Every structure is written in structure tokens, then in C-alpha cells.
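So the structure is just underneath, and the comments pick up after that.
The values are calculated or read from the model by the stated rules, or taken from the named source; none is laboratory data. It should be emphasised that the depicted structure is a prediction, and the values quoted were computed from it without experimental measurement. Cβ coordinates were reconstructed from backbone atoms using ideal geometry, including for glycine residues, and neighbour counts include every protein chain displayed.
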Amino acid sequence: MNFEEQLLMELKNEIAHRADRRRRLTRRLSIGGAAALVAASAAVAVPLLTGTESPAYAVTKKADGTVRVQINEFENADRLERDLAAAGVRADITYLRAGQECKPGRGKTSGRTAMGPGSDAAARIVKGGLDIDPRKIGPNQTLVMEFAGNKDGSRLSETGKASWVLTATMITGKVSPCVVA
């Protein structure tokens, strides 16, 4: 299994797990009794049953200087970029709908490896997310990450592969906005 397939499988599993957990929670709440009591306590019951409500993502600075990113929901890309910047990572994050992609040519690509299993890569997939090494993002460079879905919009394709694909590029200088192809 190559690096991209591993990322796809991890993203698919996380998305499927969260959807299953929401369905189970919805059933638990709807099976209850009195509608007024359920409605009044739902705001308290949901966080208690699921632990705490999971944020769209988590950014953690690790002792070795790398930054761990765990994406739980594909939302709040701008805020994720700001939080990564506060952790020392210059990044451009784009979430696209199924079947969409950004047109090529968003900037001058650098010779640095954006993502991969090698030690020279700025970002690596790890269990639980991505580890990004800010020291491997050069001056005036941006780690550009685009998350896009399969054309059919399903969680799994007919081959059983995950529906989300992550593309990463290292761009030197200005990064142009994503223009959906």
C-alpha cells in the first residue's frame, strides 16, 4: 500500500467511524421517552454520551519540533491555516467537494518534498493524522494541501478505496487561490 492509499484509508476509516457514532447517538436519543425532556436535555446529553464534541481539527506542537494535525471534519480551513501559522507552519488548506479539484499552476513549485514517507518530506502521514516539520518548509515557501472527494461523492469507490484524496505541494512565493477545475 503506497503512501496516498494509506492516507485515503485512514481518512475513510475516520469519516466512517464518526458517521456511525452519530447514527448510534441519534438512535439512542430518539428511542428515549418524553419529547420535551429529550429536547431539553439533548444539548447536555450529546457531549456526555460522546465525551466532548470533537472539533473540526486539532493542532498540537510536539517536543521534537514537529506539528501534529488531526482533521476530524473537512471544515474551517482558514482557521486551521491560522492555527498552523501560530505553530510555525505556513500552509494553504483547501477542502473541495467530491469531484472537484484546483486547477494546476497555483504557484512556483519548489524542489522540496511536500509529503511522503521519507525523512526529507515536510509532511508525513502518521496514525492519527499528519506530522508536519516546519523546519522543512523553506523561507518564502508554503505547504499547499488540497483535500478532494471521489467523483461519485460516496465514501467508498467501487474498489473500496476512500473517497478523499490529499494532494500536497510545496510552493515558493505567492500561492494563487484555488480555482476549481
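Results, tabulated for the structure shown:
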{"item": "Complete set of residues in the stretch 71-122 that are under 15 Å from the mean Cα position of the chain (by Cα) and of a type in the set (D, E, K, R)", "result": "Glu73, Glu75, Asp78, Arg79, Glu81, Arg82, Asp83, Asp92, Arg97"}
{"item": "Number of the condition not met by Asp20 [criteria: (1) at pLDDT 85 or above; (2) surrounded by 10 or more Cβ atoms within 10 Å (Cβ to Cβ)]", "result": "(1)"}
{"item": "Criterion: at pLDDT 90 or above, crowded, with 18+ Cβ neighbours inside 10 Å and under 17 Å from the mean Cα position of the chain (by Cα) - qualifying residue of Ile132, Ile171, Ile125", "result": "Ile132"}
{"item": "Positions within the stretch 77-114 being at pLDDT below 90, part of a loop (DSSP other than H, G, I, E, B) and touching an Asp or Glu at 6+ places or on another chain (Cβ under 9 Å), in sequence order", "result": "Gly99, Glu101, Arg112, Thr113"}
{"item": "Qualifying positions in the stretch 71-121 - within 17 Å of Gly138 (Cα to Cα), surrounded by fewer than 19 Cβ atoms within 10 Å (Cβ to Cβ) and of a type in the set (A, V, I, L, M)", "result": "Ala85, Ala86, Ala87"}
{"item": "Residue tally, condition assigned to a loop (DSSP other than H, G, I, E, B) and among the hydrophobic types (A, V, I, L, M, F, W, C), over the stretch 65-76", "result": "1"}
